[in-house]
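Structure, as structure tokens:
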Amino acid sequence: LPLPPSLGLYTDQQMAILDTAGQVNVPIKFHLVGDDSGTGRLDDSVLPNVISRLNSAYQGAKMSFFVKSTTHLNSNQYGSPQAIWTTSLMDELMGEDADPDAIDVYFVPYFEHDGVGTFTYDISSILEEPLFSQGLIVRNNMADSPVTVHEIGHYFNLFHTWEENLWG
């Protein structure tokens with residue numbers, strides 16, 4: 001599959017290298033969120049299935065995902081049914097122990113959406129309600145489902161097929 005336009009992030013020469021390069025290894029940092037006591041946290045045993053699903057879905061793009069690290073975050077602010085998921089709360093969560101050298105994936109027990117994946121700042125800044133932290137938030141019961149694969153696509157600036165093409 002050809003790579004999408006670079007949006008000025010890469011030179012034409014870098015894009016050509018990426019397009020012909022071998023497999024790219026993509027580190028994932030999983031953040032398993034529960035309430036203050038840890039209740040509601042996703043079980044670590046699900047993570048190999050998530051990685052397997054990602055690798056299966058993106059193998060045609062020469063991408064291989066691996067677990068760089070996993071953290072457990074206990075906080076009623078993010079892990080309780082009373083959490084009110086505003087844009088700023090999502091940004092705040094995605095800033096918790098974020099790893100600049102990995103894709104941060106936060107699995108939460110309660111979330112009003114199946115998942116949310118952010119675009120890079122260049123794209124998110126033109127959206128109606130941009131998120132300024134980059135990563136994913138996925139509801140626990142959607143972790144080992146196509147939702148995580150879908151949200152990773154947004155992380156790589158892929159839009160839904162029905163959305164406007166910003167590249168013309």
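The values are calculated or read from the model by the stated rules, or taken from the named source; none is laboratory data. From a predicted model like this one, the values you see are computed outputs, not experimental measurements. All Cβ positions, glycine included, derive from the backbone under ideal geometry; neighbour counts span all protein chains shown. With ligands, DNA and RNA removed, areas are computed over all heavy atoms of the protein, side chains included. Shrake-Rupley method; radii C 1.70, N 1.55, O 1.52, S 1.80 Å.
Computed values, structure above
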quantity: Fully extended contour minus Cα-Cα distance, from residue 156 to residue 64, at 0.36 nm per residue; calculated: 31.7 nm
quantity: Residues with amide H under 5 Å from that of residue 72, placed H, sequence gap 5 or more; calculated: 32
quantity: Gained length - residue 84 relative to residue 98, 0.36 nm times residue gap less alpha-carbon distance; calculated: 2.9 nm
quantity: Of all accessible heavy-atom area on the range 22-107, the percent that carbon and sulfur account for (1.4 Å); calculated: 48 percent
quantity: Extreme residue, positive dipole direction of the range 34-128, given options 105, 66, 85 (C-beta unit charges); calculated: 66
quantity: Ranking by accessible area, most exposed first, for 156, 111 with a 1.4 Å probe; calculated: 156, 111
quantity: Residue-normalised accessible area of the range 25-77, expressed per residue, 1.4 Å probe, Å²; calculated: 49 Å²
